[in-house]
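The values are calculated or read from the model by the stated rules, or taken from the named source; none is laboratory data. Just so it is clear, the structure is predicted and the values come from calculations on it, not from any experiment. A quick note on method: Cβ atoms are made from the backbone with ideal geometry, for glycine too, and the neighbour counts reach across all protein chains shown. Surface accessibility is based on the protein's heavy atoms, side chains included, excluding ligands, DNA and RNA. Shrake-Rupley method; radii C 1.70, N 1.55, O 1.52, S 1.80 Å.
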Amino acid sequence: MIRVPFRLGRLADCCGMIRGMDLGELNSTVAQLRRLELKLLDDISQIEWKESGYPQLWRFLQDVLHVTAQEAKRLEHHVELLCPKVGITGQPIPPRLPAARAAMAAGEISGAHVDKIATTVESVPVEHAEQVEADMTGLARKFNPTQLIRLGERIVAALNPDGRKPIEPTVVDAQNTLDLYEHRDGSLSGQFRLGGEDASVLRALLSPLAKPQTGDDRILSERQGDALAEIIGFAADSGHAPAEGGERPHIAVTVSLETLQTRIGQAILDDARTLTPEQARRVACEAKIIPVVLGSQSQPLDIGETRRLADKRLRRALAIRDGGCAAPGCARTPHQCHAHHIKHWADGGLTTLDNLVLVCPYHHRLIHHTEWTVHMDNGLPVFTPPPWLQGAA
C-alpha cells in the first residue's frame, strides 16, 4: 500500500456534531442511487449503438437520453472505465478500474470519485497503476471528490518526487515530425511535433476557427480537429498548393449513377480505396462533378465539363436563410457547413435554394448515414428524427 499522510481531525469533529442523528435512510438512498448509476452504465455498454449510424456514443446518448453533451460524455467516459467488454474474438475484457467498479456496485463511491481515481491512475507509472487504483478507491470511501484530488496529487508526487524530466535543448530544436496511422475505414490518427515558430503559426490559424460558439457542445479537441480540417480545405483551395501529376490537391471519386441511385455497390477513390454509396452521396453534395459516359467494357466514351453544384450565389442565400447549420440546436456558422441536397441530384433533385440546406459535417453525416431526414416546409428546412428516437423517454 502507498502511504499518504493526512489528518482525520475535521472528519471526526463533524461526526461528533451529528452524533445521535439517524442518517441511515439518507445513506441508504445515496447508496441505491450509486448502484443504479452503475446499472445505467452497464445497460449503455450493452446497446449496439453503432448500428444507429451515430459516429460517437455520447452523441447517441445525448439524443436518446435528452441530456447535455457534458453529461453524455461523462456517461461515455464512465462506461469506458467501469464496464467489462468483449474482445473481437469473444474473449472477456475486464473493466479498467475493477476496484472502483466494486465499490460503486456496493454504493460506496460516486461517479465523481471515479473521475478522480482515473486521473490519478493515469498519472502514475503503469507498474503502480493497480495498487494506486486500490488505494485511491479505499480513500474514496472516506473522502469527498475534492479531498480525493489532493490525496491523489500526494500519491503521484510520492511515486515521482523528481517530477518530469527537463526538456533537453536538442529536443526543442528537433525537426518537425508527423507520424500517421491509417485505419481500415480510411481515417487517420497519429502524433506530430512542430518547432516553436511553426507551432505559433498553427496556433494563430487554429485559434479563430476553434473558438466555441453559443450552444457549441464540442470539446476543445473536437473544435481543434474541425478547425484543422478547415485549414486543410483552405490550403487545398488556395491555388498555391503544390501540384502532383499535373493537378492541384483533390480527391477523385468514381461512382456510377446507378450506384448513387440504388445505393448498392461502392465508389472508388483514385488511390483504389473505396467509399460506400452513402459516403459518395455526401461527398457529391459539395463536389465538382465531371460526367463521364462509359462503354460496355467500362471504357470512357465521353468526358463532360466540370460543374459546381452550389455556387457562391446560392451559398450566400443559404447563409442568409439558415444562418448556419439548420439542424435544431446546432450553432455551427455558415462557413463551417456543407450545402446538402434534400433530394439528391442523382435522384433528380435540383440545385436550387428550396432543395438545399446548410448542415455542419456532423449533421451532414447524420442525414446520410442514419434515419434522420430533412424536408422543406413553407420555404424552411424541417428535421425529423428516426422513429425509434421519437419514442425515446
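Quick look at the values:
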| read-out | value |
| --- | --- |
| Calculated FRET value between THR119 and ALA204, using beta carbons and R₀ = 25 Å, to 0.05 | 0.20 |
| Heavy-atom accessible area per residue - the stretch 20-131, 1.4 Å, Å² | 57 |
| Gained length - SER189 relative to THR146, 0.36 nm times residue gap less alpha-carbon distance | 12.0 nm |
| Violating pairs (Cα-Cα greater than 28 angstrom) within the set LYS50/LYS312; LYS39/LYS73; LYS211/LYS312 | LYS50/LYS312 |
| Computed E for GLU127/GLU197 - FRET, C-beta separation, R0 41 angstrom, nearest 0.05 | 0.60 |
| Percentage relative contact order, the stretch 37-154, counting C-alpha pairs under 8 Å, at least six apart | 18 |
| Computed FRET value (nearest 0.05) for ALA105 with THR333, which takes r as the C-beta separation and R₀ as 35 Å | 0.20 |
| LEU275 long-range amide H proximity, modeled H, under 5 Å | ALA267, ILE268, LEU269 |
